[in-house]
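**Student:** Here it is, the structure in full.
A short reminder: the numbers here are calculations on the coordinates, not readings from a lab. None of the values given here were measured: they were computed from a predicted structure. Here Cβ is always computed from backbone atoms with ideal geometry, including for glycine, and neighbour counts include all displayed protein chains.
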Amino acid sequence: MIYLELFLTFFKIGLFTIGGGYAMIPLVREEALNFGLTESEIMNFIAVSESTPGPIAVNMATFVGSSQGGILGSAVATLGVVLPSFIIILLISALLKNLLKYAGVNAALSGVRPVVAGLILATSITMFLSVVLGLGTIDDGVSFDWRAAVILGIVWATSFGYKKWKKKAVSPILLIVTSGVLGVVFYEFLK
Amino acid sequence: MLFKKEFIMEKKSKPSLRLLWELFFTLFKIGLFTFGGGYAMIALFESEFVSKKKWMDHEEFLNMVAIAESTPGPIAINSATYIGYKQAGVLGSALCTLGVVLPSFTIIYIISIFFDAFLAISWVASAFRGIQACVVFLILNAGVKMLKKIKRPLDIAVMAATILCVVLFSVFAIKFSTIFYILIGAAIGLASYFIAKLKNKEKEESTK
């Protein structure tokens with residue numbers, strides 16, 4: 001039953017995403033791979049989720065849900081990812097006002113934070129290996145994609161330069177559009 | 001017992017239809033116009049909730065953000081549920097959450113219908129190959145931002161161990177659920193807290 005599976009999977013993701021937005025990407029990636037999506041499909045979903053309005057978590061849930069089970073699939077996946085938040089915040093604001101003041105809760109949260117940072121960094125490393133070196137698992141062998149490496153370098157330089165010049169972070173959408181144009185130039189015209 | 005009184009009060013006064021509509025519409029607007037998720041939304045939440053609507057003062061807003069950040073789930077959803085409940089009880093929180101989710105849901109669902117056909121166009125596929133390199137950078141950037149906040153040696157060790165395990169397990173195709181990492185992190189956090197507490201106790205006793 002794909003709908004129940006989608007609902008439970010995204011309920012679990014909603015429940016274990018601590019720290020917002022990017023914290024859920026490692027969890028979604030893992031589950032999406034289990035659903036049979038590829039690394040590059042997942043990265044496309046992330047790119048679209050970043051460049052459309054709304055919370056990334058909801059966008060990703062809708063996207064994965066739709067790819068697996070159409071409109072009903074996307075509805076149950078979105079409901080699943082939202083429900084844990086909804087229930088927990090209701091509980092906190094109605095009954096457990098002091099939950100976050102308990103030392104134990106804070107201690108557990110402070111232990112989770114470095115793990116989440118590690119998960120996100122590890123996700124970017126495995127995605128780097130897959131995009132630039134074509135390496136998913138050890139069986140794949142390495143095939144270096146210099147175009148991806150150059151695009152990554154330009155994106156990094158753009159972000160770095162923009163920050164120095166304008167004194168504020170560049171919008172991710174601008175970076176996505178830039179890299180899209182570079183993608184067309186490198187993969188269509190410089191074959 | 002203060003919260004019990006408030007809880008009853010909130011239940012008693014029935015929210016007006018006008019307020020419910022306003023809550024839904026405000027959150028819908030926020031959902032429609034914020035790009036980049038959670039943290040980008042916080043600024044918009046502040047201008048709508050605190051400055052314009054005066055639904056909460058600045059201190060309560062900061063309190064809300066602290067709760068939204070440290071409870072599971074997307075920050076936007078947590079904040080929407082919180083503000084809805086404060087203003088109009090359970091019905092209000094449901095409407096706010098629906099409001100903030102609906103624009104994303106509709107937009108992404110429509111995109112997802114056409115996405116495969118769109119990707120079949122050769123230059124679109126090329127553009128997305130370029131964009132994938134950018135996604136690597138965006139995620140790395142988000143990770144580095146979190147990394148900068150980590151100071152304690154124990155936390156740095158936990159983070160490094162997490163990175164090492166995830167990358168190695170992924171390359172060697174060993175399955176180990178992400179949730180386990182999070183649970184282990186929580187356990188380490190609790191353990192280090194109680195060990196520090198015990199040590200302090202011992203110190204106090206030895207100085208006595």
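**Student:** State the Cα centre-to-centre distance between the range B:149-208 and the range A:53-111 in whole Å.
**Tutor:** 24
**Student:** Next question, about the same structure. Considering only the other residues whose Cβ falls under 15 Å of the Cβ of A:N34, what net charge follows from Lys and Arg at +1 and Asp and Glu at -1? Numbers along the way, then the final one.
**Tutor:** Values: positive: A:K12, A:R29, B:K175; negative: A:E5, A:E30, A:E31, A:E39, A:E41.
Neighbourhood net charge equals -2.
**Student:** Among residues other than A:G134 whose Cβ falls under 10 Å from its Cβ, what is the net charge (Lys/Arg +1, Asp/Glu -1)?
**Tutor:** Charge balance in the 10 Å sphere: -2.
**Student:** For B:I83, B:I163, B:I111, what's the fewest-to-most ordering of other Cβ within 10 Å of each Cβ? Spell out each step's value before the answer.
**Tutor:** On the way: B:I83 30, B:I163 22, B:I111 19.
Fewest-to-most Cβ neighbours within 10 Å comes out as B:I111, B:I163, B:I83.
**Student:** Could I ask something else about it? What's the extension gain from A:F189 to A:K167 if we count 0.36 nm per residue and subtract their Cα-Cα distance?
**Tutor:** The A:F189-A:K167 span can extend by a further 4.5 nm.
**Student:** In this model, which of A:K168/B:K29; A:K101/B:K199; B:K29/B:K54 are farther than 20 Å apart at the alpha-carbon? The partial results should precede the final answer.
**Tutor:** Numbers: A:K168/B:K29 25 Å; A:K101/B:K199 22 Å; B:K29/B:K54 17 Å.
Exceeds cut-off: A:K168/B:K29; A:K101/B:K199.
**Student:** Follow-up. From the residues B:L32, A:T178, A:A148, which one has its Cα farthest along the dipole of the protein assembly as shown in the positive direction, the dipole being from +1 and -1 charges on Cβ of Lys/Arg and Asp/Glu about the Cα centre?
**Tutor:** Toward the positive end, the furthest listed residue is B:L32.
**Student:** Measuring from a point 7 Å past the Cα of A:L96 along Cα-to-C-beta, which residues in the range A:13-48 have an amide N at less than 16 Å?
**Tutor:** A:14-19
**Student:** Please list, in order along the range B:149-159, the HN-Hα scalar couplings obtained from phi with the Karplus expression 6.51 cos²θ - 1.76 cosθ + 1.60 (θ = phi - 60°), rounded to whole Hz, x for Gly and Pro.
**Tutor:** Working through the residues one at a time gives 7, 8, 10, 5, x, 4, 5, 5, 5, 4, 5 Hz.
**Student:** Something else about it: Counting Lys +1, Arg +1, Asp -1, Glu -1, what net charge surrounds A:G19 among other residues with beta carbon under 12 Å of its beta carbon?
**Tutor:** Numbers: positive: A:R113, B:K145, B:K149; negative: B:E69.
Charge balance near A:G19 sits at +2.
**Student:** Have a look at B:L23, B:L102, B:L190 and tell me which one the Gaussian network model of chain B (Cα, springs below 10 Å) gives the largest fluctuation.
**Tutor:** Of B:L23, B:L102, B:L190, the Gaussian network model singles out B:L190 as fluctuating most.
**Student:** I've got another one for you. What list of ³J(HN,Hα) values in whole Hz, one per residue of the range A:76-89 in order, does the Karplus curve 6.51 cos²θ - 1.76 cosθ + 1.60 (θ = phi - 60°) give from phi, with Gly and Pro shown as x?
**Tutor:** Calculated HN-Hα couplings, in order: 5, 5, 5, 4, x, 6, 7, 4, x, 3, 4, 5, 5, 5 Hz.
**Student:** Choose one of B:P74, B:F194, B:S51: the residue whose Cα lies farthest towards the positive end of the charge dipole of chain B (beta-carbon charges +1 Lys, Arg; -1 Asp, Glu; about the Cα centre).
**Tutor:** The residue sitting most towards the positive pole is B:F194.
**Student:** Next question. So for B:M56, B:M159, A:M60, fewest C-beta neighbours within 10 Å to most, what's the order? Don't skip to the end; give the middle numbers.
**Tutor:** Numbers: B:M56 19, B:M159 25, A:M60 32.
Lowest count first: B:M56, B:M159, A:M60.
**Student:** Along the three principal axes, how long is the range B:124-206 when you take its alpha carbons, biggest first, rounded to the nearest angstrom?
**Tutor:** 70, 28, 16
**Student:** Compute, for the range B:120-176, the length of the dipole vector about the Cα centre, with Cβ point charges of +1 (Lys, Arg) and -1 (Asp, Glu) only. Units Debye, rounded to 20.
**Tutor:** Numbers: 7 positive and 1 negative charges, 46 e Å.
Approximately 220 debye in magnitude.
**Student:** On to the next question. What FRET efficiency, computed as 1/(1 + (r/R0)^6) with R0 = 45 Å and r the Cβ-Cβ distance, is obtained for A:F35 and B:S206, rounded to the nearest 0.05?
**Tutor:** Values: r = 57 Å, r/R0 = 1.26.
Once the sixth-power term is evaluated, E becomes 0.20.
**Student:** Another question, if that's okay. What is the protein assembly as shown by shape, rounded, prolate or oblate, if you read a ≥ b ≥ c off the alpha carbon gyration tensor as root eigenvalues and call it rounded for a/c under 1.5, prolate for a/b larger than b/c, and oblate otherwise?
**Tutor:** Because a/c hits 1.5 or more and a/b fails to exceed b/c, the protein assembly as shown counts as oblate.
**Student:** Further, regarding this structure: For the range A:97-114, take each phi angle, set θ = phi - 60°, evaluate the Karplus expression 6.51 cos²θ - 1.76 cosθ + 1.60, and give the result in whole Hz per residue in order, putting x for glycine and proline.
**Tutor:** With the stated coefficients, the range A:97-114 comes to 3, 9, 3, 7, 8, 5, 4, x, 4, 5, 4, 4, 4, 5, x, 6, 3, x Hz.
**Student:** Related question: Which is farthest toward the positive dipole end of the range A:30-158 among A:V48, A:I89, A:A157, measuring Cα position about the Cα centre, with Cβ charges +1 (Lys, Arg) and -1 (Asp, Glu)?
**Tutor:** A:I89
**Student:** Where the only charges are on Cβ atoms (+1 Lys, Arg; -1 Asp, Glu), what is the dipole of chain B about its Cα centre, to the nearest 20 debye? Working shown, then result.
**Tutor:** On the way: 23 positive and 14 negative charges, 80 e Å.
Computed about the Cα centre, the dipole is about 380 debye.
**Student:** Same structure again: Can you give me the long-range amide H partners of A:I18? Hydrogens built in the peptide plane at 1.01 Å from N, cutoff under 5 Å, separation of 5 or more residues or another chain.
**Tutor:** Amide H to amide H, under 5 Å and 5 or more residues apart or across chains, A:I18 pairs with B:G73.
**Student:** While we're on this one: Counting other beta carbons within 10 Å of each Cβ, put A:Y162, A:Y187, B:Y181 in order, fewest first.
**Tutor:** Ordered from fewest to most neighbouring Cβ atoms within 10 Å, A:Y162, A:Y187, B:Y181 come out as A:Y162, A:Y187, B:Y181.
**Student:** Then there is this: In the range B:47-98, what trypsin sites (Lys or Arg not before Pro) fall in a loop by DSSP, with at most 12 other Cβ atoms inside 10 Å?
**Tutor:** Those that pass, being in a loop and sparsely packed, are B:K54.
**Student:** Would you work out the charge dipole size for chain A about its Cα centre, treating the Cβ of every Lys and Arg as +1 and the Cβ of every Asp and Glu as -1, and quote it to the nearest 20 debye? The partial results should precede the final answer.
**Tutor:** Numbers: 12 positive and 10 negative charges, 223 e Å.
Charge dipole of chain A: 1080 debye, to the nearest 20.
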